[in-house]
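Notes follow once the structure below has been shown.
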Amino acid sequence: MSTNDSDEGRSASVDVDIVVIGAGQAGLSAAYYLRKFSVLPESGFVVLDHAAGPGGAWQFRWPSLTLSTVNGVHDLPGMSFAETTGTDAEQVPASVAVPHYFELYEKQFELPVHRPVHTRVVCPRQERLRIETDHGIYAARGLINATGTWERPFIPYYRGAASFRGRQLHTKDYYSANEFAGKHVVVVGGGISAVQLLDEISQVTTTTWVTRREPEFRDEPFSPEIGRDAVAMVEDRVRRGLPPGSVVSVTGLPVTPAIRAARERGVMTRRPMFSEILPDGVRWADGTTVYADVILWCTGFRSSLDHLAPLRLRGTGGGIEMSGRLATQVASDPRVHLVGYGPSSSTIGANRAGQAAAAELTSFLELR
C-alpha cells in the first residue's frame, strides 16, 4: 500500500489493489478468498464497513427473529456457524448469534476490516478507481462491492400517504409486536418478512394483510432444484441488463408451523392492494375502507449502489448488465464486481459470488 498525492492537487490517496466495500456475508466471503488467493491484507486489499461492529445487516434485525425462525444462516467459507452457537441456541436472536459468528470469522482469518468507514462515492480515475470515504481516499485497481440492500428500504408511493395521522414504518424499523398492542395494523407485502411479522403482530392485536398480487405458498420442502431454478431466473435478468427480480417470487412462501397456526387464527386472509391512504386508514378502488393506526411496509429493499453512480454502470432500464461465471462482474467495467446483487442476494449465493468475484478480479488484475 502506498500514498499518492499527485492527483492534480486533490487530497492524498492510499494506493491499494482491491477495495471491498461491505463486511456482510458477501464481503467477508470475498475477503476470505482474496486471502486464499495470496492477496496480502492491507497492501493488497482492504475491507471498508460502515457499521460500528461486525455482523452486516444481521445486527439490525428485530429481537424476535431467532435462530429457530430465521430463514437460514449459511456458513461462511472455512468456518462452521453451528460451532460458534453452542447448544440450545434456537432461541438466541439472530442479531446476536450472527454478529458473534462474523466477529470470530474476521479474527480467525485476520481480515483487514476497517470500521466504521462510510464510503461516499466511487469515481473513475484513468486506470484506478477513486474511493472517497469519511476516513480518507483510496485509489484501487479493482472493486468488489458488497453493500447489500439494508440501507435502501423501499416504500411505494400511494396517494394520500402524507395525510395519514397514524404511524408508518418499514420492516427495517420494526422492533417488537408489543409496541402495536391495541392498534389496528395494516401489513403490506407478500414476502417472507411480511408473513413473519403479520404472524407476530396478529398475536397481540388486529391486522389486515394487503399484497400487490396473490401470494404463492409452497407446501413441499425447499429443494436444491427449486433454489437453482430461482437463481437461474434472476441471473438471466441481470445478464440481460434488467433490474434483478425477487427470488421469493419464484420460490414461493414456505408453509411453516407458525404460518399454519396463523391460518387457523384466520389472519392469513389477504386483501388486494389499496388505492389510497386516508388520514385514518386506507381505501380501495371500490370505495371500501379499513381503519388503521399503523401501516407496516414490508415492501422490500433495493440494492445500495448510489455511491457507484459516477461509474455510470446502469443501463437505460435501470439495471446493470452483468457478466462472469456467476454474474458478479460488471460487463461495462470488469474492474468492478457486485456481490450480494441479483442472483447472489441470498446468503448461500453470496458465498459462491464472493469466491467467483475474488477469483475473476485477481486474475484480471494479474495478481496471481
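Read-outs: derived from the displayed coordinates by stated rules, not from any lab. Since this is a predicted model, take the numbers as computed values, not measurements. Here Cβ is always computed from backbone atoms with ideal geometry, including for glycine, and neighbour counts include all displayed protein chains.
Between A82 and A12, the simple spin-label model (points 7 angstrom out along Cα→Cβ) gives 5.1 nm. Full extension of the segment from E276 to E90, taken as 0.36 nm per residue of separation minus the current Cα-Cα distance, would add 62.9 nm.
Each residue of the range 137-145 was assigned a 3J(HN,Hα) from its phi angle through the Karplus curve 6.51 cos²θ - 1.76 cosθ + 1.60 (θ = phi - 60°); the sequence is 10, 10, 10, 10, 7, x, 9, 10, 9 Hz, with glycine and proline shown as x. For the range 266-364, trypsin sites (Lys or Arg not before Pro) meeting the loop criterion (DSSP other than H, G, I, E, B) and having at most 11 other Cβ atoms within 10 Å: R312.
The stretch between R283 and D236 holds 13.2 nm of extra length on full extension. This uses 0.36 nm per residue minus the Cα-Cα distance.
Phi-derived couplings, Karplus 6.51 cos²θ - 1.76 cosθ + 1.60 at θ = phi - 60°, listed residue by residue for the range 119-129: 7, 7, 6, 10, 10, x, 9, 6, 7, 10, 9 Hz, with x used for Gly and Pro. Residues whose amide H lies under 5 Å from that of L76, counting only those 5 or more places away or on a different chain, are F81; hydrogens are built 1.01 Å from N in the peptide plane.
Straight-line cross-link reach from K36 at under 29 Å between alpha-carbon atoms covers these lysines, not counting any fewer than eight positions away in the same chain: K107.
Summarising the strand pairing of the chain, around 45 percent of its internal DSSP beta bridges are antiparallel. Here the 3J(HN,Hα) profile of the range 95-111, calculated from phi with Karplus coefficients 6.51, -1.76 and 1.60 at θ = phi - 60°, is 5, 9, 5, 6, x, 4, 4, 5, 5, 4, 5, 4, 6, 4, 9, 6, 7 Hz, Gly and Pro shown as x.
On a full-extension model of 0.36 nm per residue, what is the gain between R120 and R167, subtracting their alpha-carbon distance, rounded to one decimal in nm?
On the way: separation 47, 0.36 × 47 = 16.92 nm, distance 3.10 nm.
Full extension of this stretch gives 13.8 nm more.
Residues whose amide H comes within less than 5 Å of that of L48, counting only those at least five positions distant or on another chain, are V20, I21, G22, H114 (H built at 1.01 Å from N in the peptide plane).
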